[in-house]
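These notes concern the structure reproduced below.
The values are calculated or read from the model by the stated rules, or taken from the named source; none is laboratory data. Note that the structure is predicted; figures quoted are calculated from it, not measured. The area values use the complete protein model at the heavy-atom level, side chains included, leaving out ligands, DNA and RNA. Shrake-Rupley method; radii C 1.70, N 1.55, O 1.52, S 1.80 Å.
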Amino acid sequence: MGGDYLWWEAYPFNAQQQVNIAVSPGQIIFVNVAYYGSSTAHYYIKNESTGVATSFDASFSGGFTGLHAEWIIERTQEGNNYPPLADFNNRTFSDANAEQGSTWNGVGNWSHIYKDMHDPYNDDSEATDAYPGPISYGNSFTLYWSNYGDSDAVNT
C-alpha cells in the first residue's frame, strides 16, 4: 500500500483492514476496542490531532476469544518485501488499559509479555530494531527505535 495509514486486525485473523482516517507521523491516535462476546467487537478510532473519528462493529467466527490485547508498532510486508523499519524515534503508549469482565486495569497490572523487534532475514546478526521500555504508572510505556534495518525479500 505504501504511505501512512491506520489499520486493524484481530488475531487469529491476519488480514489487515485499513481505517479511513488520514494519519501523519507524530499525531496522537486514540483507540478503544470493546469485545461484546458472541464474536463481535466494537472499534472506536480517533485521530486526536485532527479530531477525525470513526467507529464500527466487526464480527468474527472461529477462534477469537477477546482475551488478549496488544499495543504494537510493526514493519509490515509490502508485496514480497519488507521495507526498512522507519525511524519512529520513541513512541509512548499512554493509558494502555484493558478490561476483563467489568475490571479495567493498566497493562502493567495484567499478565504481560515484552517483545523486542528483530529482523530474522537480514544480515545484521539479529540486531534489535526496536524494544519496549518498562511500564510506568501501571499503564504507560515507550517503544524505542534502535536500528534502521535493511530491506529484505520475504524469507531471505
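Key figures for this structure:
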item	result
Residue order for 115, 46 - accessible surface, 1.4 angstrom probe, largest first	115, 46
Residue 28 accessible area, assembled protein chains, probe 1.4 Å, Å²	110 Å²
Rounded accessible area of residue 54 (nearest 10 Å², 1.4 Å probe)	50 Å²
